[in-house]
Amino acid sequence: MFLIIGGDGEVGQALAADLRAAGAPVVCTTRRAASAGWVHLDLAAIPADWAPPEGTQAACITAAVARLAACEADAAGAARVNVAGTIALAERLTARGIYTLFLSTNQVFDGTVPNVAADATLCPVSIYGQQKAQTETALRAMMAQGAPVGILRLSKVVSPRMQLVAGWRDSLAAGKPVKAFTDMTFAPVPAAVVTEAIMAMLQARAATVAQLTGPRDISYFEAALHIALLQDANPALVLAGSAAALGLAPGSIPKHTTLDCSLLREAWRIFVPDALEVVSVALGQLKKTEMSCVQYCNDT
């Protein structure tokens with residue numbers, strides 16, 4: 001059985017759906033009031049007597065305080081989840097022989113160079129990146145001692161639920177201008193490819209550090225302009241903005257977010273499409289999802 005820590009998050013939901021579609025038994029945790037079939041677990045305050053469900057063989061920790069601004073505003077509170085709680089949970093799981101996969105981030109690097117190697121020295125800028133790096137260090141020490149632990153670093157995950165894509169699409173379709181940053185970049189990864197990588201590592205019990213990002217960075221301005229073209233909207237509606245002018249949290253505008261993904265390519269032939277293709281697919285999936293909802297409402 002697979003245990004997903006944070007099964008109500010974006011990645012957690014997608015992972016649970018894909019595992020179940022593959023016929024795998026899955027149990028998910030939530031820090032909210034647990035309904036039937038869910039397990040309550042708050043990483044900020046793990047009960048002393050908490051234990052994973054009977055039969056758990058592998059777990060994926062997707063839960064985190066991931067917003068850079070939130071970590072900056074309450075570093076101590078975020079650390080209780082991102083560092084102390086996560087490490088304590090990993091220790092509890094691996095002590096029972098449960099393979100534990102920790103989802104990390106490109107934020108453990110400073111973003112000054114592209115395609116960073118998995119074994120490069122960690123050099124985070126943001127509070128979030130620093131906390132993820134601290135947890136990685138503890139987990140890698142466990143890994144070196146033979147614990148069944150894996151780490152998967154991700155860049156920006158894009159799914160049909162991504163509000164930014166939907167918001168841009170709706171505004172442009174209505175003939176309204178949108179502002180997108182020219183100085184904020186991302187190397188997007190489709191949620192489906194993320195779950196493919198997670199499933200491969202869970203099934204292989206891969207005790208290693210793997211990375212998954214798009215092959216190149218694009219600016220948010222380029223992404224918005226691409227959506228305008230796909231929508232046959234006036235490209236002039238896409239207005240250039242500056243993230244640097246907003247005084248965002250440190251680490252918010254790295255020059256590069258790409259990491260070396262050769263391990264996943266070579267071991268499991270997992271590839272991420274070009275950034276613009278990822279945006280195109282997300283837009284198409286959004287339209288398909290909306291059409292399905294309309295059809296469901298009409299049928300009922």
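The values are calculated or read from the model by the stated rules, or taken from the named source; none is laboratory data. The model shown is predicted, which means the values in this text are computed figures rather than measured ones. For neighbour counting, all protein chains shown are included, and Cβ atoms are generated from backbone atoms with ideal geometry for every residue, glycine included.
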Given the options Ala51, Ala24, Ala36, Ala44, name the one that is part of a loop (DSSP other than H, G, I, E, B) and touching a Lys or Arg at 6+ places or on another chain (Cβ under 7 Å).
Ala44
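What residue, among those in the stretch 192-215 that are assigned to a loop (DSSP other than H, G, I, E, B) and among the hydroxyl-bearing types (Ser, Thr, Tyr), is nearest to the chain's Cα centre (by Cα)?
Per the criteria, the residue is Thr213.
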What residue, among those in the stretch 268-297 that are in contact with a strand residue (DSSP E or B) (Cβ under 8 Å, 6 or more places away or on another chain) and either assigned to a helix (DSSP H, G or I) or more than 14 Å from Ile218 (Cβ to Cβ) (or both), is modelled with the lowest pLDDT?
Ala282
Out of (1) over 28 Å from Ile4 (Cα atoms); (2) in contact with a helix residue (DSSP H, G or I) (Cβ under 9 Å, 6 or more places away or on another chain); (3) buried (at least 17 other Cβ atoms within 10 Å of the Cβ), what's the single condition that is false for Phe221?
(2)
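How many residues does the stretch 241-262 hold that are closer than 20 Å to Gly111 by Cα and surrounded by 14 or more Cβ atoms within 10 Å (Cβ to Cβ)?
Selection size over the stretch 241-262: 14.
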If the requirement is being farther than 30 Å from Tyr99 by Cα and not basic (Lys, Arg), which of these qualifies: Leu202, Leu152, Leu248?
Leu248
I'm trying to understand the selection: among the residues of the stretch 184-196, which are more than 17 Å from Leu276 (Cα to Cα) and surrounded by fewer than 22 Cβ atoms within 10 Å (Cβ to Cβ)?
Glu196
Going by the structure shown, is Ala173 of a type in the set (Gly, Ala, Ser) and surrounded by 18 or more Cβ atoms within 10 Å (Cβ to Cβ)?
no
Mind checking which residues of the stretch 10-38 are over 17 Å from Ala192 (Cα atoms) and free of Cβ contacts under 8 Å to residues at least 24 places away in the same chain?
Ala33, Ala34, Ser35, Ala36, Gly37
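List the helices (runs of 4 or more DSSP H) inside the stretch 66-162, counting only whole elements, that have at least 3 residues being within 18 Å of Val209 (Cα to Cα). Please lay out each step first, then the result.
Numbers: elements: 68-73, 75-79, 86-95, 127-144.
Helices (runs of 4 or more DSSP H) meeting the threshold: 86-95, 127-144.
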Residues located in the stretch 54-65, provided they are touching a Gly at 6+ places or on another chain (Cβ under 9 Å) and part of a loop (DSSP other than H, G, I, E, B):
Gln57, Thr62, Ala63, Ala64, Val65
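Yes or no, residue by residue, for (1) within 21 Å of the chain's Cα centre (by Cα); (2) at positive phi; (3) not β-branched (Val, Ile, Thr):
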| site | (1), (2), (3) |
| --- | --- |
| Leu3 | yes, no, yes |
| Asp8 | yes, no, yes |
| Gln13 | yes, no, yes |
| Thr30 | yes, no, no |
| Gly37 | no, yes, yes |
| Asp42 | yes, no, yes |
| Cys60 | yes, no, yes |
| Glu72 | yes, no, yes |
| Gly77 | yes, no, yes |
Among (1) under 26 Å from Ala192 (Cα atoms); (2) modelled with pLDDT of 95 or more; (3) outside any strand (DSSP E or B); (4) among the small types (Gly, Ala, Ser), the one test that Gly7 misses:
(2)
Residues (surrounded by 21 or more Cβ atoms within 10 Å (Cβ to Cβ) and over 15 Å from the mean Cα position of the chain (by Cα)) located in the stretch 149-170:
Val149, Gly150, Val165, Trp168, Arg169
